[in-house]
1. Mind listing whichever residues of segment 207-225 are of a type outside the set (Phe, Trp, Tyr) and either outside the structural domain of ILE255 (by TED's automatic domain parsing) or assigned to a loop (DSSP other than H, G, I, E, B) (or both)?
2. Given the conditions (1) at pLDDT 90 or above; (2) of a type in the set (A, V, I, L, M, F, W, C); (3) farther than 21 Å from ALA155 by Cα, report the number of the one that LEU96 does not fulfil.
3. Is it true that some residue in segment 307-319 is assigned by TED's automatic domain parsing to the domain that holds SER393, within 29 Å of MET236 (Cβ to Cβ) and outside any loop (DSSP other than H, G, I, E, B)?
4. In segment 396-423, how many are modelled with pLDDT of 65 or more and of a type in the set (Phe, Trp, Tyr)?
5. Restricting attention to segment 130-151, does a residue exist that is over 15 Å from PRO212 (Cβ atoms), of a type in the set (Gly, Ala, Ser) and modelled with pLDDT of 85 or more?
6. Just the residues that are over 30 Å from the mean Cα position of the chain (by Cα), small (Gly, Ala, Ser) and not in a strand (DSSP E or B), please, taken from segment 331-380.
7. So which residues in segment 374-395 are of a type in the set (S, T, N, Q) and modelled with pLDDT under 90?
8. Just to be sure before I move on: is PHE228 part of a loop (DSSP other than H, G, I, E, B) and under 27 Å from the mean Cα position of the chain (by Cα) in the structure I sent?
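The values are calculated or read from the model by the stated rules, or taken from the named source; none is laboratory data. In this text the structure is predicted, and so the values were computed from the model without any measurement. Neighbour counts are summed over all protein chains in view; Cβ atoms, including those assigned to glycine, are modelled from backbone coordinates with ideal geometry.
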Amino acid sequence: MRQVWQAEQDAAGADPMLQPRRVTMHIIADQNNDPRRYNQPAAHVNEVAVVFVGDDGLPPRNLDLVIYDSNPVNPNNRMQSISIGSPHADPMLYPLFFPYGENGWHYNLLQEGNRRNAVRVRNTIREFVCYRLAIRYTGTNSQGHEGNVFSLLHAGCFLLQQYVCDQYVRVEANNLRYTRDNQKALFAEAYQGLVDHINQQLHWPEIVDNIPTWLKANDRPDLVARVFHAKLKQLMRDITVNKVFGNIDAYVYTIEFQKRGLPHAHILIILHEDSKLHTADDVDNVVCAYLPDPETNRLLFNSVTSHMIHGPCGQLNRNSPCMVDNSCSKKYPKEYSEETVYISDSGYPTYRRPNNGLVANVRGHPVGNEFVVPHNPYLLVKYDAHINIEVCSTVKSVMYLYKYVYKGHDAATVEVWNGDEID
């Protein structure tokens, strides 16, 4: 295709009536759309993303590839389509990852050895991609460090990001194809028989220690997602088995990928009656919203100032992303409060934020308790990540939170510029 593109460029350049025009796509901010879903990607994120048109967040089903045949049987029909289930699709799209032209995934790729049974005969595309993305070790060297087998995929940087995005869309499209083609087999009339969120942190040692110095965390989305998944499983175990909040009746959660490149989870926890928070003291035993004393608890102080300070915004920083119409959309800075007021008019407690003069320097600004995001000290120190904990007790706040947890897929408003004109 490079030769075809160059030939077309040369032909256009030779004809003054056919000067090539630069077509670009721009993601714009539209105030008429939901800002939680249509917000623009962060400026510092240097990543590859997939943009497609759809109403339900699902990728299009028709993802066949179009190729240009350099030596066709019929010279008048050089364009051909290849199914995403063809073994030639991957090596043609990613020759750097398949340098010997080896087959990619295809519909008839069989399970091997004892993995094959009467039900699972073929490999799915997800299993194939997971196998290729797996990190393999050569053993432990004399310094006690484990060495990794060199992987073309893991050294791919932006190409790896494109490959992962491409494979995700193919997995979704293949699942939809299977559902569409097996309606009779899948049809069934009946089947038998507290709120917090955690953000991925790129400084976690599980990520830093497993990435070569010449790569960035953004170059290894597979590793970032794997570490986050393990941390989230442990967090849910702390909540459901270790009962850090007490006995629970139910929970729901969703995982999102932020437009600044990292995954996070929204979790809604429904406490059992004997563990519900009925008083201000109950709330104080679970949630804190103030700076700890750095002299007596330096570790917690460092975690709070690293992960649980909002902004700063307002008069300290008018350019903060949370500022809308010259005020913070998250209602920071908060008012000081010497004690917790269990339920306020908003449906949430007013957390204790004493005006004790304790100040920390965060991102070049002195901030106090008015900018501290509510958190649980135990979980914050254990996971060394942004874990926001909120207590909600009214019907109105719970209804809002279900909508918040299931707010829908990410979206973007896109303009296509043809030269200097907007199409």
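1. The answer is ASP209, ASN210, ILE211, PRO212, THR213, LEU215, LYS216, ARG220.
2. The single condition LEU96 does not satisfy is (3).
3. The answer is yes; a qualifying residue exists.
4. 2
5. Checked against the condition, which is being over 15 Å from PRO212 (Cβ atoms), of a type in the set (Gly, Ala, Ser) and modelled with pLDDT of 85 or more, segment 130-151 yields at least one hit.
6. The answer is SER344, GLY357, GLY368.
7. Residues satisfying the conditions are SER393, THR394.
8. No.
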